[in-house]
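Undergrad: Could you have a look at this structure, given as structure tokens, before my questions?
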Amino acid sequence: MTTDPLLLMGEVDAATSRLLRTAASFDEADLAAASLLPGWTRGHVLAHLARNADGFVNLLTSARTGQDRPMYASLEVRNADIEAGSGRPPAEHLDDLRRSADLFAEAVAAMPAEAWAATVQARLGPWPAALLVWGRLREIEVHHLDLAAGYRAADWSATFTQRLLREAASHHAMAPTPPSMVLRLDGSEHDVVIGDRDGAPIVAGPAPDLAAWLIGRADGAPLSVTPDGPLPTPPEWI
């Protein structure tokens with residue numbers, strides 16, 4: 001998948017359209033139903049996605065102007081905004097998702113070329129501005145899965161899946177005690193190795209299932225382990 005933020009916006013637009021179609025299908029009972037995230041309803045997930053877009057607008061503005069502007073005023077404010085927005089009627093959720101997505105697209109379009117070289121203060125620390133569009137795409141695609149509304153990891157594009165899988169593997173490899181494993185993707189000649197390859201179990205299967213398992217969105221049931229045994233436990237993902 002391209003790392004060019006402007007080219008990547010086409011993927012963001014397509015993912016946003018898919019998300020909006022799912023959100024438009026929800027009634028009040030659907031929104032109050034549980035998501036895949038513990039303690040969160042679907043309404044919480046949609047409220048988070050809207051506030052996340054606003055947060056990325058803050059970071060893009062910071063990169064463009066050079067002014068220090070955090071993603072969220074604080075973690076407490078972020079959490080309170082999600083909670084406050086979670087119980088809104090369906091039409092309000094949909095309007096908020098559309099508005100925040102449009103503002104994100106406008107903020108990307110307003111970025112001069114040199115601003116993409118900036119570093120901004122994201123929720124978990126400093127982050128290259130050039131990765132902000134990827135970050136937004138990742139949020140949409142992963143949390144669309146969390147809505148538990150028929151969207152599956154198999155619906156991700158092959159390029160998104162490959163990048164997410166390798167990003168998650170790199171993240172896990174930097175854990176204090178990474179579980180050693182060799183990821184063998186169906187149809188690929190290149191393994192992805194986490195930790196020490198010698199003696200590590202081989203976890204094999206379709207790339208979407210491997211990626212979803214690595215980020216804690218699937219139980220890994222379709223995956224195989226060689227030699228026979230339980231699946232390793234991936235570290236917590238961001």
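Quick note: the coordinates plus some simple rules give every number you see, no bench work behind them. Because the structure is predicted, anything quoted here is derived from the model rather than measured. Reconstructed Cβ throughout: ideal geometry from the backbone, glycine too, with neighbour counts over all protein chains shown.
Undergrad: Among DSSP beta bridges whose residues both lie in the range 106-238, state the antiparallel percentage, nearest 5.
TA: Close to 70 percent.
Undergrad: Have a look at the DSSP beta bridges in the chain and tell me what percent are antiparallel, nearest 5.
TA: The answer is about 75 percent antiparallel.
Undergrad: Which FRET efficiency value, to the nearest 0.05, is calculated for Leu75 and Ser188 with the Förster distance at 41 angstrom and r the Cβ-Cβ distance?
TA: So the FRET efficiency works out to roughly 0.60.
Undergrad: Rounded if a/c is under 1.5, else prolate if a/b beats b/c, else oblate: with a ≥ b ≥ c from the C-alpha gyration tensor eigenvalues square-rooted, which is the range 88-136?
TA: oblate
Undergrad: For the range 167-238, give the share of DSSP beta bridges that are antiparallel, in percent and rounded to the nearest 5; count only bridges with both residues there.
TA: 60
Undergrad: Starting from the 7 Å offset along Cα-to-Cβ, what nm value, one decimal, do you get for the label separation of Arg152 and Ala109?
TA: 3.6
Undergrad: Classify the range 9-87 as rounded, prolate or oblate from the Cα gyration tensor: take a ≥ b ≥ c as the square roots of its eigenvalues, call it rounded if a/c is under 1.5, otherwise prolate when a/b beats b/c and oblate if not.
TA: oblate
Undergrad: Let me ask another. How high is the FRET efficiency between Ser25 and Thr177 when r is their beta carbon distance and R₀ equals 45 Å, given to the nearest 0.05?
TA: After rounding, the FRET efficiency stands at 0.60.
Undergrad: Cβ under 12 Å from Leu60's Cβ, Leu60 left aside: what net charge do those residues give with Lys, Arg +1 and Asp, Glu -1?
TA: So the surrounding residues net to +1.
Undergrad: To the nearest 20 debye, what is the magnitude of the charge dipole of the chain about its Cα centre, counting +1 on the Cβ of each Lys and Arg and -1 on the Cβ of each Asp and Glu?
TA: Using only the charged Cβ atoms, the result is roughly 240 debye.
Undergrad: If you average the C-alpha positions of the range 161-188 and of the range 10-79 separately, how far apart do those two centres end up, in angstrom?
TA: 26
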